[in-house]
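To start, the structure itself, in structure tokens.
The values are calculated or read from the model by the stated rules, or taken from the named source; none is laboratory data. Fair warning: this is a prediction, and the values are worked out from it, not measured in the lab. Counting neighbours? That spans all protein chains shown, and the Cβs are built from the backbone with ideal geometry, glycine included.
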Amino acid sequence: MENPEDQPGDPPVFHHDYHPHPDDRPKPSFWRKLGGGSLSISLIVHGIILAVGLILIIQVIPPPKALPVDFMPSGGGGGDPSASNTVKTKQRKAMSSVAPRLAATGAVSSFTLPEPESSDISALPSLSGGAISGGLGGSGSSGGRGTGTGTGFGAGTGIGMGSGTGSMNPFGAMQPANNALVGTFYDLKQTRAGRPSALGQETDRGKMQEKYRNLLADFTRRGWNERQLNEYFQAPQKLYQTKIYMPSMEADGAPKAFGQDNIPGSRWLVVYRGSVTPPKTGKYRFVGAGDDALAVRFAGKNVFDFGYESATGNVSFYHNRQKLEKAPREDRDWDNARKDVTMPEPLQIYRYSGLHHRHAGDLQGLAAGLEFEAKEGVSYPIEILIGETPGGFFFGYLMIEEVGTQYQKDSTGSPILPVFRLDNNPPVITKPGPPFDPNGPVWKLSSAGGKMSI
């Protein structure tokens, strides 16, 4: 029997460790020798950061602001709203085409002032063409955008009331002053976004004036809170006013004065604010008139409102002037409308020989407001509103009368009153216009708050 160990079977298994020769290992690439792995990762990370940064920068850049919508004035002046068919036709064409600004000087209306051949109108300063483009404040050499003295807007004779300083115009100075009320311009024809407002879309003259009166009355009845006007376009430029003595001028002078050359002069509003103290303790009342609106609130109370349109009630003073001067009345509709108007009954009118004949004919003169008491050294908040609705021409005069004081008389027998002012410079004397006492007392602007009731 053969030895089992000699029988064929599974081949023997050999166990050993394999160690390749160093020359047999794969050689590293030149890229890896330079640290290519970590460099690639770093480049990728930095690329991602750069892309994210570019996206953030693009999102932060604001889009260009939309330009305000240019609106056409409805034509006419502050006079008789029963204008001719020619004017109405021009109004409809202007509103439908939304064409560039059209000056109202060529409009035909019962309130259009006479041509320059009339001696009393030839002295009026013009706000069109060279007047406004020539520096709001006189002629001469300028540091503004043109050759008017001061901060003018071009070349030509200015309409300045600041001794030709170039920084003053009838609507106020461009630079802040420590003795001036701060004025804000609102264009009621357009919204803050530059779209036509409900008032801006109105083409019927009668409805336009009614909506304008309603808007002003709502504002003055509810405390003169300018948040109510936030929906309308507000000019960024503020003006600083020391007096309201604005001879007859083109109504687009107001937007131009506030740096809004592309806004026609209709359906606008300016509100001046501040706190004042009287020159002495006494009983006072404001006397004045505006085309179309002029109103005053003193110490939180409406004390004055007179012009072609009422700013405290939905009443046309122009159409109801004779009713305003009469009492008692027997017109219930008028009585209901009149009760919201902030003026005494019957209305007292001061007639002046120097007024332009149209203003004297339409409004008869300047009206006297409600009496109020003011104490020397006490600060009182004051707001003054001026406004224009149909376009054409504008004027505004605001005097102050101390009740019981004797004044020199005009040839008509009316007292020659001082202009309500906050500086030592009386207005430039212009004709036509009401006379005033150049040596009248000066009220002071107070930086402290104000007494809220009288």
Do we find that residue 377 is over 25 Å from the mean Cα position of the chain (by Cα), outside any helix (DSSP H, G or I) and touching a residue at least 60 places away in the same chain (Cβ under 8 Å) in this structure?
yes
Check on residue 358, in the same structural domain as residue 429 (by TED's automatic domain parsing), charged (D, E, K, R), surrounded by fewer than 18 Cβ atoms within 10 Å (Cβ to Cβ) and touching a residue at least 24 places away in the same chain (Cβ under 8 Å):
no
Taking the residues in the range 219-233 that are over 23 Å from residue 397 (Cβ atoms) and touching an Asp or Glu at 6+ places or on another chain (Cβ under 8 Å) as candidates, determine which candidate is surrounded by the most Cβ atoms within 10 Å (Cβ to Cβ).
233
Which count do you get for residues in the range 429-448 that are farther than 25 Å from residue 364 by Cβ and in a loop (DSSP other than H, G, I, E, B)?
7
When residues of the range 196-215 are filtered for being touching a Ser or Thr at 6+ places or on another chain (Cβ under 8 Å) and either without any contact (Cβ under 8 Å) to a residue 24 or more places away in the chain or part of a loop (DSSP other than H, G, I, E, B) (or both), how many remain?
2
Qualifying residues in the range 174-195 (those that are outside any loop (DSSP other than H, G, I, E, B) and either out of contact with any strand residue (DSSP E or B) (no Cβ under 6 Å at 6 or more places or on another chain) or not assigned by TED's automatic domain parsing to the domain that holds residue 274 (or both)) - the one farthest from residue 213 (Cα to Cα)
191
Just checking, how many residues over the range 387-443 are over 30 Å from residue 203 (Cβ atoms), in contact with a helix residue (DSSP H, G or I) (Cβ under 8 Å, 6 or more places away or on another chain) and buried (at least 24 other Cβ atoms within 10 Å of the Cβ)?
0
For the range 229-249, give me the residue count where each residue is more than 23 Å from residue 287 (Cα to Cα) and touching a Ser or Thr at 6+ places or on another chain (Cβ under 8 Å).
6
For the range 220-260 the number of residues that are within 15 Å of the chain's Cα centre (by Cα) and touching a residue at least 24 places away in the same chain (Cβ under 8 Å) is 24
Tell me, which strands (runs of 3 or more DSSP E) wholly within the range 248-344 include 3 or more residues that are among the hydrophobic types (A, V, I, L, M, F, W, C) and either surrounded by fewer than 18 Cβ atoms within 10 Å (Cβ to Cβ) or assigned by TED's automatic domain parsing to the domain that holds residue 356 (or both)?
268-277, 282-291, 293-298
